[in-house]
Structure formats: C-alpha cells, structure tokens
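Read through the structure below, which is laid out as structure tokens, and then see the notes.
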Amino acid sequence: MTDAAATAVEPEGEQRQRITPAQTVEQEIVVLDYGGQYSQLIARRVRDCGVFSELLPHHVSIDEVAARKPRGIILSGGPASVYAPGAPALDERLLELGVPVMGICYGMQLLVHTLGGRVEEAEVGEFGRSELHVSEPGVLLAGLPREQTCWMSHRDTVFEPPPGFTALASSTGSPVAAVQDQARDIYGIQFHPEVVHTPYGQEILTRFLTDVCGCEPNWSAASIVEDQIRRIREQVGEGKVICGLSGGVDSSVAALLVHRAIGDQLTCVFVDHGLMRKDEGEQVIKTFRDTFKVALVAVDAETRFLEKLQGVTEPEAKRKAIGAEFIRVFEEEAARLAGDGEGARFLVQGTLYSDVIESGGGTGAATIKSHHNVGGLPDDLQFELVEPLRALFKDEVRAVGAELGLPERLVWRQPFPGPGLAIRVVGGEATRERLDVLREADHILQEEIRKAGLYRELWQSFCVLPDVRTVGVQGDERTYGYVVVVRAVTSDDAMTADWARLPYDLLETIASRMINELREVNRVVLDITSKPPGTIEWE
Ligand code: XMP
C-alpha cells in the first residue's frame, strides 16, 4: 500500500469505527465551511496556533456544533452573495450558544447582513494584496501596525456595520474591513488572515483564539501521540491488529503510533511488489524491523506481480492487475498469520483528515477517488478499523512521525503511487528489464535532487520511461536507446501542479549521469506540463 492508497479505503456503515476528531480534544474551534477556497487553510492555521480545529459543512445542525462544545466558531469565506436567493444563510441560534464567533470574508458579510448592517456589491472588486487602515484596533488588531498589508478576495463589500458593532478598519476597496461587537463576542474581518500574504494574519487569529476564546495552545505532536496511544489501547484492548505497511508517510506513522500503543499485538505486512524505487523495500524493512522492533512480515512478491503484468499495457488494466494481486497477497498473509487460531480483528489505516473532509466533512458517507484505491484494500474485509491519523493534516502527520523518531527520509518522503513504477513505464509492458532501467534512472534523479537540497521543495520528482527508442551517438558509435523523461512538480495537494523550474546545471548533471551510467539510455528530456492540462503521472 502507498501513502495515498493507505489512506483511501473507507469501510461503510457499522464497520466503521470512527475516532472522530471531536472526541479527541478538550478545546476545539469549529470552522464552518461556506465553500471558500481557503476554508481548510483556516483550520490548519488555527492548529498552527496550537488549538485543535475542525472544518464542518456550513449546513451542520446547531446540535452538532453544540455537541462539540467549541471554544469559538469561525465562519469561512465563500463564493456566494449573502443577499442572493438561495445563498447559504446563518442560523442565528449559532450566536446564542454563548461562544465567540468570527466571520472571515463571506462569513463577515453573513454576520453583518443577518444582524442588520449593509452589504452590497462594490463598484470594483478587491482581489489580491490590499492596504488595511486600522481606525480602532479593537481586540483583534490591538498592538498591530495601523497600516498593514492584507489579502482580499471579494466583490461584495460591507458599507455599514450592524447596530452595536464598531468598524475597526477599512481598505482601498472596503469601507468596512473589520468589525466587532465585543459585548456579544462577535467579530468579522473582510480579509483572509489564513493566507501568508496577510503578514499579521496569524497574530490576528491568535488574538481571537487566546484573547477572545480563552484557548491555551496545547495541540502539538506530543499531545497527539499521547492522546492517540490512549485511544488505540481503549479501542483494541487485547485484540490482534494488522497493518499494511507501504513505507509511505501515512501508513508508517499510523503503524508506529499503533506499535507504540500496543507493541506486539500489532503485525505489519509489507508487500514488496517489485515496483518500488531503488533500495526502498530494504529501508522500510530495516527501519521497522531493526530500529523499531515491529513484528513485520515482508513478502517478496515481485515475481507474482510481474507475471500478472505480462502483456498488460493499458494503464487502468495495470492498476487493476496490481490492485487485485495486492489484495490476494495481503489476504493470504492475514490468513497465514492467523494460522489455526483467531486472526487479527483490527486493521490499521492511515486515513487523514483531508480524506475525511473530502468524503463529506466527517459527517457523510465516504467517496474516494477511484484510482487512489489501487493498491489499497477493499472495503469488505472483515476488520474493524483503527485510524489514528483521522484527525490530522499531512503536516501534522509528519510532525507526529518526527516525534516518534521516524527517520527524516521517511517523514519527508514524496508521495508515491500504489502501482509504483509500473505506471511510469508508459505505452508498454512493465517488464523487469524496463523497470530496472527506470529504477536506476529514478535513483540518479533522487540523488541529485537531494544533493541540490530540493527534495522537500518538490511535491514529486520522478522519471518516466516511454516505450520508445531514439537514435544517438556515443563514442563514435550509433546507439538506439531509451528516452528518460524527468518530471518534477510543485503542488500543495496534487489537485493542481506546476512543473518545477529545476536549475539548468542540475538538469545537465542529471542528464549526463543518466546517459553515462545507464548503458540503455541515450536521451533525457524534461516534462514542462502543468496540471491541468496534464496530470502528474503519465498514465
Ligand atoms: P495525477 O497523475 O492524477 O496524480 O495528477 C495525482 C496524485 O496521485 C498519485 N497517483 C496515484 N496514487 N495510485 C496511487 O496510490 C494510483 O494509481 C495513482 N495514480 C496517481 C500521483 O502520484 C499524484 O501524487
């Protein structure tokens, strides 16, 4: 299983053992999502301030919000106009929970509109950097510069605050850019404190969290570890637990957390399908078995997988063949481990909070992007799930991994697809010979990227081996060899990506090493396609 795959499988109905984020902490900020592009980011920034935060759809019931006993509620931005028919509205009972509320962008306009202020379309929109002029600092802007830069993204604007509110600031395009009604603990800001282009944004959020909501910064990797260990012990008791380990960040951190909690009750299964990058399998085995003393079954299934890939050239057929074989191997191992006795009752999954949000904000049914299921496990396996990362964003998972002592190489590993190198031998069959050429080329690329200190900056960097030969000349001899494609992208979430502008000197070193060290390769090209219109992988 890979990173993505390990997080992808969501059993439905009764089988699902939810460790909902809401159960895990004493103090929480609820962010209600009105569809803004930065909504997730708000929750992440709140957590960066050391306060647990959860993103819920704006239409959740008041009871659901109240059940979480939040210390504060943030209303996110969103694309609608508050006065348009059918626009998401504010349930005024939210304001009667006795909990401070802060609206951001659409959230502020919603508060203003609902409470009797004036929101209208401005003559010109305000998108991007803007200058904020603070007239009355109030709680949120106290002690901050009177003139500061902020990031705006709106066409409607607030012209008049509601009765009882004070206008705190204005900007070029917003007569009223921040408001407060301290007596009722209701606040609004038109700009986005969650984006880095608002330099004082994090401070403003911190003021809301600490000065208004009275939160203590206590959400940290260490507290997550402690909390999850307790929960895992409670959930599994004396039961046996099994985990499909891929070496990706998510499954590695999930496995380590569970191991820390219940030791030898956990067995990890690492299926080496022969489609990994160079030395990766050994690294995983060494780290988990030798360093962490985790009971680990490593299955060398390369031959089995390559047999299944014989004659398969179509990308989806490759994915299917690999996925099906993966499940077969995993089930065989689970049965073998059970022997004549009782097998594992629990299965560890590295489901992340972003998967939970994507599948309905933690409240609805799961729908997972289909291709990410490849290499994962089906949802009809008879296991109860243990999902210790369910409340965490990726960067928090990395922090937890570091806290648990996971080597830096694994903590910062770039995403790697479940079907591995097989979907990077494109336009043809993934034979052992082609996979070996690709693996070596990939190894050179990784070495050079790491040496240049760029590994962490890139979302992914890898090679593709098309089933194409080109003519070259080396040492007075005509050659007819493989073309290696170098693909390196930057991205935040793989939904969109930009091709990375690698330095020319680095590209030259990479190309000449590949051609000199790999006899089969005589040409190296660079993929300069963004996503969209391209995808990150070639197949
Ligand atoms: P694309 O190519 O769709 O990829 O832009 C987006 C992200 O998903 C990864 N990917 C996969 N992961 N199984 C996986 O586990 C797959 O079949 C698969 N295909 C693409 C890709 O590496 C990128 O991070």
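The values are calculated or read from the model by the stated rules, or taken from the named source; none is laboratory data. Everything numeric in this text was worked out from a predicted model, so none of it was measured. Backbone-built Cβ (ideal geometry, glycine too); neighbour counts: all protein chains shown. These area figures cover heavy atoms from the full protein model, side chains too; ligands, DNA and RNA do not enter into them. Shrake-Rupley method; radii C 1.70, N 1.55, O 1.52, S 1.80 Å.
Report the equivalent ellipsoid semi-axes for the range 195-234 in whole Å, largest first, defined as the square roots of five times the eigenvalues of the gyration tensor built from alpha carbon atoms.
Here the semi-axes work out to 30, 13, 6 Å.
Residues in the range 519-539, backbone N under 14 Å from the label point at E433 (7 Å along the Cα-to-beta-carbon vector): list them, ranges by number please.
Only 519-521 pass the distance filter.
By its C-alpha gyration tensor, with a ≥ b ≥ c as the square roots of the eigenvalues, how is the range 3-212 shaped: rounded for a/c under 1.5, else prolate for a/b larger than b/c, else oblate?
Prolate shape, in that a/c is at least 1.5 and a/b is the bigger ratio.
Determine the shape class of the range 221-411: with a ≥ b ≥ c the square roots of the Cα gyration tensor eigenvalues, call it rounded for a/c under 1.5, and otherwise prolate if a/b is greater than b/c, oblate otherwise.
Since a/c stays below 1.5, the shape of the range 221-411 is classed as rounded.
Packing-wise, with mean Cβ within 10 Å as the measure, how do 233-240, 190-197, 221-228 rank, highest first?
Top to bottom by mean Cβ count within 10 Å: 190-197, 221-228, 233-240.
Which angle from 0 to 90°, rounded to the nearest 10, does the C-alpha axis of helix 504-517 make with the longest principal axis of the chain?
20
Counting pairs of alpha carbon atoms under 8 Å apart in space and at least six apart in sequence, what relative contact order in percent does the chain give?
Here the relative contact order equals 14 percent.
Residue by residue through the range 458-466, what is 3J(HN,Hα) from phi via Karplus (6.51 cos²θ - 1.76 cosθ + 1.60, θ = phi - 60°)? Round to whole Hz and write x for glycine and proline.
Karplus values, whole Hz, x for Gly and Pro: 9, 5, 8, 9, 7, 10, 10, 10, x.
Mind checking the angle between helix 432-451 and the chain's longest principal axis? C-alpha axes, 0 to 90 degrees, to the nearest 10.
50
What whole-number value in Å² describes the accessible area per residue of the chain for a 1.4 Å probe?
42
In the range 89-245, carbon and sulfur make up what percent of the accessible area (probe 1.4 Å)?
48
Measuring from centroid to centroid over Cα atoms, what is the spacing of the range 286-362 and the range 459-482 in Å?
Using only Cα atoms, the two centres lie 33 Å from each other.
If you place +1 on the Cβ of every Lys and Arg and -1 on the Cβ of every Asp and Glu, how big does the dipole about the Cα centre of the chain come out, in debye to the nearest 20?
It works out to roughly 660 debye.
How high is the FRET efficiency from E131 to I62, r the C-beta distance, R0 41 Å, rounded to 0.05?
Between E131 and I62 the formula returns 0.60.
Suppose we keep just the DSSP beta bridges with both residues in the range 431-526; what percent of those would be antiparallel, to 5?
70
Taking the Cα centre of the chain as the origin and placing charges on Cβ (Lys, Arg +1; Asp, Glu -1), which of P315, F52, L465 is farthest toward the positive end of the dipole?
With unit charges placed on the Cβ atoms, the residue in question is L465.
Angle check, please: helix 221-236 long axis (alpha carbons) against the longest principal axis of the chain (alpha carbons), in degrees 0 to 90, nearest 10.
It works out to around 70 degrees.
Taking Cα centroids, how far is the range 92-167 from the range 179-222 in Å?
With the range 92-167 and the range 179-222 each reduced to a Cα centre, they are spaced 13 Å.
Hey, can you grab everything whose amide H is under 5 Å from the amide H of L141? Only 5+ residues off in sequence or another chain; H modelled, so Pro and N-termini drop out.
For L141, no residues qualify.
With the cut-off at 1.5 for a/c, could you classify the range 146-212 from its C-alpha gyration tensor as rounded, prolate or oblate?
Verdict is oblate for the range 146-212.
For the pair K531 and T470, what calculated FRET efficiency results from E = 1/(1 + (r/R0)^6), where r is the Cβ-Cβ distance and R0 = 41 Å, to the nearest 0.05?
My answer for the efficiency is 0.95.
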